[in-house]
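Here's the structure, in structure tokens; my notes come after.
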Amino acid sequence: MTYPPQPGGYGQQPDPYGQQPVTGVPSSPGPYGQPVTGPPTSPGYGQPAYGQPAYSPPPFAGPPPAQDPGPRPGAVTAAGMLMVGTTVLFVLLAGIGLFAGLKSISEDEKTCSGDYYNSCDDVTAGKVTLIIMAAVFILAAMGIIALALGVLRGRNGARITAYVVYGLFGVYALCGLGGSLLVLIGSSSASSSSDASTMGMGGGIALIAMLVLLIILGSTIVLLSLKPVNTWFRETQRARAAGII
């Protein structure tokens, strides 16, 4: 009696569950019918993981938009008024110096002669020097008025220029203060009482003027350096560049 050949070939037992034995290496389907292609690869360096959003740096916060700087601080107005006071003081100093110088020159002109030690050419040169000095004082006063107007309008360039100019004026005031003290000391050893009184009065006026000038210069620089003033100048400059004012 012969038996039919068993499935699976010689020596193989049939699958008790009715499945055919594996005879090769076919690609097996996945549990839902999709072919299995292998495990997913890991993301590269710097790449977001699967299912996570990509990293983006936070946006750069730029400067706030320009806005109206608001009313002018009182310190700026006070500094502008002190600058105007500087011009008035300069004009007074120029007038006093010119008057005293011309009076002294007129007295020397009466006694000048053609000799070497008392030449009339020296008197003429003195007049020219006084006129030049008075013109310089008046031009300096006009320049300070222009700077004061720029400061009151919020021009930062005018404020920086005022720092430089007032620093130079401070050096001049210190030199003038020393010169006034020397004049006062020299008036005590003058040959005549009239000369002594003239020198003493001139030295005293110059000393007071230099002290007042130093106070005005220092106060103006301090007022223009205050923090609210710096903020107002900066905001005014930004608003002007943006066309707001």
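The values are calculated or read from the model by the stated rules, or taken from the named source; none is laboratory data. Note that the structure is a prediction, hence the values are computed from the model and not measured. Note: ideal-geometry Cβ built from the backbone for every residue, glycine included; neighbour counts use all protein chains shown.
In table form, for the structure just shown:
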quantity: Residue in the stretch 212-221 that is surrounded by fewer than 16 Cβ atoms within 10 Å (Cβ to Cβ), of a type outside the set (F, W, Y) and farther than 22 Å from A78 by Cα present; calculated: no
quantity: Candidate set: the stretch 54-105, residues that are of a type in the set (D, E, K, R) and closer than 30 Å to I245 by Cα; chosen: the one modelled with the lowest pLDDT; calculated: D68
quantity: Subset of the stretch 219-233 (residues that are of a type in the set (A, V, I, L, M) and either assigned to a helix (DSSP H, G or I) or free of Cβ contacts under 8 Å to residues at least 24 places away in the same chain (or both)); calculated: I221, V222, L223, L224, V229
quantity: The stretch 170-184: number of residues that are surrounded by 13 or more Cβ atoms within 10 Å (Cβ to Cβ) and either farther than 16 Å from V212 by Cβ or touching an Asp or Glu at 6+ places or on another chain (Cβ under 7 Å) (or both); calculated: 2
